[in-house]
Structure formats: structure tokens, C-alpha cells
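I have placed the structure first, in the form of C-alpha cells, so that the comments after it can refer back to it.
The values are calculated or read from the model by the stated rules, or taken from the named source; none is laboratory data. What you see is a predicted model; the values in this text were computed from it and never measured. Positions of Cβ are generated from backbone atoms using ideal geometry, with glycine treated the same way; all protein chains shown enter the neighbour counts. We work out accessible area using only protein heavy atoms, side chains counted, and drop any ligands, DNA or RNA first. Shrake-Rupley method; radii C 1.70, N 1.55, O 1.52, S 1.80 Å.
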Amino acid sequence: MTKGDIKRKEIFFNEVVHKDEIDKLLDSKVLTNFKKFTPEGEFDSFDFNIENGLIKDNLILKGNNLLALHSIKSNFRKKVKLIFIDPPFNTEGDDFKYNDKFSHSTWLTFMKNRLEVAKELMRDDGLIFVELDYNEVSYLKVLMDDIFGRENYINTITVKSSSSSGTKISHINKTIIKTQDFILVYARNKNLIRFKPQYTKKEKWDSHYSWYLKQDNGEFKVIPLVDKLKEEDIFDKKESLRKDFDINNPIHKKFYHEHGDFIVRKSTHNNKEIISKCTNEFKGKVYQHNDYLYLDKIMLQPISKSFHEVLIGKNIEKDIANALCDRWDDIDFQNTQNQGVVNFPKGKKPEQLLYRIIDMATKEGDIVLDFFLGSGTTCAVAHKMNRQYIGIEQLNYGDNNPIIRLNAVIGEKDNEGVITNFDKSGMSDALNWKGGGEFIYCELTKYNENAINAINNANSTNELIEIWDTLCSKYFLNYDVDIYKFNNHLDNFKNFSLIEQKETLVGLLNKNQLYVNLEDIDDIKFNIDDKTKKFNKIFYRLEGF
């Protein structure tokens, strides 16, 4: 690991944990500061919504995501339908305040630890989507092949995430400009998954649909579409459909939506059974079989069979569509700054992206998990789509934190009981979102982590020496720390730079005790109050609750 890696705010960097200590490190942690957010306000006394022993509440957890994932295993093992994560890309300018750049192997270990426990949480028909750029996507695919099984790899989606304009092209003579990200998609068991197909709007009229099924004197016949367009005064002369029929023209669009069952493409067929039906009992009529219509020896496919729900900007419309495959270039990544009342100008994912992933992979009531929650997009969209969600975040974003965003999604009730002030941005209009719902927030209970925060916030050597005294009397040091020897060499410590002094003190702390383990909830040393004990015993389904 390089010296630069030490700038990470992630607490487990280059940290050697002895085998007999790993279980303690990954034990469930005491959760604290429980709050329920609803349109009626914020409450610290409430009941969990539990069905058949499973917590049905939406959850936001604050704390180290590796430890938080292990802490929710007892409740959510094999219960999560979809995981979406947008981890740090391991680049020089990561917006999410991890270190500027991990060493490559450190980053892969960081991801491996989290993906292994994430797999334990996935349902047998569960899916995981991981968004990255080119820096690590190839390496992470090899890692995910190992964790999830190469046979459970679904595809890599290429997402157009920026445009080739502005300052981006100032170095175009030195490199090939990056405009895309990648989403690795894996299943827990590929044989069990079922996607809801997604579609994109066609941009040009398909001139194969150049015929119109017309009823004349009780009998059907197929005429050129342009003749019908002339009848409707849409075309004033017979011209090429490809040239003149505009799929985006409001008049033309109204026509093909109203007449979609009669605008057809045709081909011949040799199905003797169908020909017999058409020449006898269905003579002069249309015989329907599966998605096709038959008129004598002609097989017709109505264009209405190509109508599907499509995502257009922030709206969902039913229109002529193509099946969406593994290249997504129709979602705007550049104008997300006003979505969700929080401001992440470079790191915030568009709600449209999360809508598409959640829509294709889940149904209402399914559980969605994001353990790099960031600005909260995943949970905000899951909330609007009536999915249960779990979000985990360990960093502080001030006014741009996901709690503020989700509170805005819920809105608030006025004096007449009407929900107002709910988030109207992103996918709200398309989903007819009117506010409502609730979620529970809690934190991993800090112990040595409080000491680390105090060390990092110190402004002088004298302040650090006072903290050292507190470390010796209150916190857990590594078993091999010799307090007497350290005190005897305090003058050497004072000669270090302030940064080196902080690194030294943090290095003396036992990382297994950063948070309070559940097994220690009754230890008077940690001063856990009765209400917090009760919440934990309910959350972890301990005996008697």
C-alpha cells in the first residue's frame, strides 16, 4: 500500500486482523439513535412493522458498511431481491470523499469483503448491479466471477454517462475521451431470474408497417397505409412513408396510437390449417392467432404489438419501441443537480437510471439494498416505487445526506392531514408520486470510532496528548501497546508532524472495538440505555421480544 492510501476515511485499510479475531470484528453491532420518519414528523418511540418475523420497515443505517452488512444478516439473509451499488471508482477525483486513490489490490480487497456478505443477503433469484468506470471494471468482473460464479454472470451494461464536450475534450489529442460507465450484472442463481423487459422509443417510422387493415361492406381488406393517410387528410399526396411519416409529429402520433390495431406489416404464410380456417369459417374476416392476424394467405402484425412503456426524459409513455439491450444511451446524467433536494454535482446518479434497474429486476414489496448510498438516489426511487429498501452509508455529507432527501420524498402533513412539500423532482411525475410512507434510521454504536474522530479533529499536539490520556483510561488499545514505554518517549512523539502524530495514535487503537458488539449490550462500560436495548432486542429478534 502506498503512503497515499492512508488518507482513506474507510477505517479498514491495510489492517491485519488475526483469524481468531475476525468473528468478533464481524459480529452484529449495537444499533443506536433509532428514529422513525413519517409525514407526521420524526419519532424516537415507535413500533417496528414485523410480518412473519421479518422487519418490513424501510431502513437507513449509518456506519461502516462492512460491519453494517454483517449486522443485518440475522434479519435479511437470503431476503434481498436487488442490490445496486455505485462504489468508489478508484480514480483520482472520487466525489464521495474516500481517499483520492486506493492501491489496486487494496480496492479489490475492500470490494471482496463486502460482496461476499452481500451475496449472503441475496434471494436465490436475487440480482446485483455494480456501476463502475474503466479503471476497475475488468478486474472486478474477475472477482465477481469468483464470488458469484462465472455461470451467474448476466451481462455488462454500457451507460452513456457524459458527453464529449466542454473541458472534457481539451486533451483529445492525448487520449480517447471517456463518456461511459459500466454496470456489471450478476445473479445468485441465473436459472431462477426473470426480468421485466425494458424498451426505448423508436426514433423513425418502420416503413415495413405500410399497410392498413380496412373493413369495407362487412369484409376486410388490406390497403396501402398512405391511402388511409390521404383519407384522413394527413398526407396530401402519395409519398414515401420513410420520408414523410414523422413518428414525432403530434398529428401523426395521434393517428398511429388511435389506429395501432389496424396499421400492419404483412407477409405470406403456408400454414394449411390457418388457410383452411380463413377460406371457410373466417372467409372475408380476420382470424387472430397468438400475436398475428390472418386474412386468407396473408399474415399481419399490428403495430400496436410494438407499443410498450418507455422512459423518455423524466416521463413514462406508451409508444412504438425497441427492446432495450446492453447499451443505455438515453438517460441524461448531466442534469441531476436538482433531483432530490440534495446537491452532488458529479456523483449523483439520475433517478431515471435507478427506476429502470428497479423496474426490470423487482416487483412491489421486494427488498432493494444499496450499501454505498451516497446521496440516496436508490432508496428515494425505491420508496416512490413501493419497494422495501435498506440503505447503508458511512460518510457525512452535511446538507446533502440521504436522510434529508428521503424526508423530502415523504413530505409532511398539513393541519388538514394532507401531505404537502413532497419531492416533485426526478421520477415523481412519471410515478404519480404524492408523498407518504416512512423509514427508520439508526446508527452503529461507536466506541473506538469516537476516539478516531477525536484524533482526526484535533488541532494541536497538546490536544492529542490529552486525547492519549483518554485513550489509556477509556478506550481499547491493541494488545501489544506498551503504555509505559510510550509515555517515556513522549518527547519523540512531540517531534512528529501533526499528521504523523494522528496516524500514530489511530494505529494504537484496536479496530475490533470501533463499534460496540451486540454481545456487550449489557456491559456497563458502554452505558447503553434501556430504550436502545429494547430496540436492539426487537431488531435482532432476541428471546423475549
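Key figures for this structure:
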| read-out | value |
| --- | --- |
| Helix 498-508 axis, angle to the chain major axis (alpha carbon atoms, nearest 10°) | 90 |
| Intensity falloff of the stretch 458-545 expressed as log10 I(q)/I(0), Debye formula with alpha-carbon point scatterers, at q = 0.13, 0.22, 0.26 Å⁻¹ | -0.58, -1.06, -1.35 |
| The stretch 239-305 versus the stretch 495-535: alpha-carbon centroid distance in Å | 71 |
| For the stretch 115-270, fraction of C-alpha pairs farther apart than 22 Å, in % | 64 |
| Long-range amide H partners of I392 with built H, under 5 Å | L61, D370, F371, F372, L373 |
| Segments 108-118, 269-279 sorted - mean Cβ within 10 Å per residue, highest first | 108-118, 269-279 |
| Full-stretch length increase - D326, I247 - with 0.36 nm per residue and alpha-carbon distance subtracted | 26.0 nm |
| For the stretch 108-159 and the stretch 26-71, distance of Cα centres in Å | 26 |
| Phi to ³J(HN,Hα) by Karplus 6.51 cos²θ - 1.76 cosθ + 1.60 over the stretch 38-49, Hz, x for Gly, Pro | 9, x, 7, x, 10, 10, 9, 10, 6, 10, 6, 8 |
| Kirkwood Rh in Å, taken over the stretch 485-533 so that all alpha-carbon pairs contribute | 13.7 |
| Cα-derived Rg over Rh, computed across the stretch 107-197 with Rh taken as Kirkwood radius | 1.08 |
| Cβ crowding within 10 Å averaged over residues, with 43-50, 313-320, 179-186 ranked highest first | 179-186, 313-320, 43-50 |
| Cα convex hull volume per residue for the stretch 395-496 (Å³) | 183 |
| Value of relative contact order over the chain, rounded to a whole percent, pairs C-alpha under 8 Å and six or more apart | 20 |
| Sorted largest first, extent of the stretch 431-472 alpha carbons per principal axis (Å) | 57, 20, 10 |
| Fully extended contour minus Cα-Cα distance, from S103 to I50, at 0.36 nm per residue | 14.8 nm |
| Amide hydrogen neighbours beyond the local backbone of R123, cut-off 5 Å, H modeled | K79, V80, K81 |
| Residues with amide H under 5 Å from that of D57, placed H, sequence gap 5 or more | N49 |
| Whole-number D in µm² s⁻¹ for the stretch 194-325, Kirkwood Cα-pair radius fed into Stokes-Einstein, 37 °C, 0.692 mPa s | 204 |
| Percent of alpha-carbon pairs separated by more than 14 Å within the stretch 243-296 | 63 |
| Degrees separating the helix 104-121 axis from the principal Cα axis of the chain, which is the longest one | 70 |
| Charge dipole magnitude, Cβ of K and R +1, D and E -1 - the chain, Cα centre, debye nearest 20 | 1740 |
| Efficiency of FRET from Cβ geometry, N450 and D530, R₀ 35 Å, rounded to 0.05 | 0.95 |
| Accessible area of the stretch 380-467 divided out per residue, in Å², using a probe of 1.4 angstrom | 41 |
| For the stretch 257-380: rounded, prolate or oblate by the Cα gyration tensor [a/c cutoff 1.5] | prolate |
| Solvent-accessible area, 1.4 Å probe, carbon plus sulfur percent, for the chain | 45 |
| Derived scalar couplings ³J(HN,Hα) [the stretch 451-465; Karplus, 6.51 cos²θ - 1.76 cosθ + 1.60; whole Hz; x for Gly, Pro] | 5, 4, 4, 5, 5, 5, 8, 5, 10, 8, 5, 4, 5, 5, 5 |
| Measure of compaction for the chain (Cα Rg per 2.2 N^0.38 Å) | 1.23 |
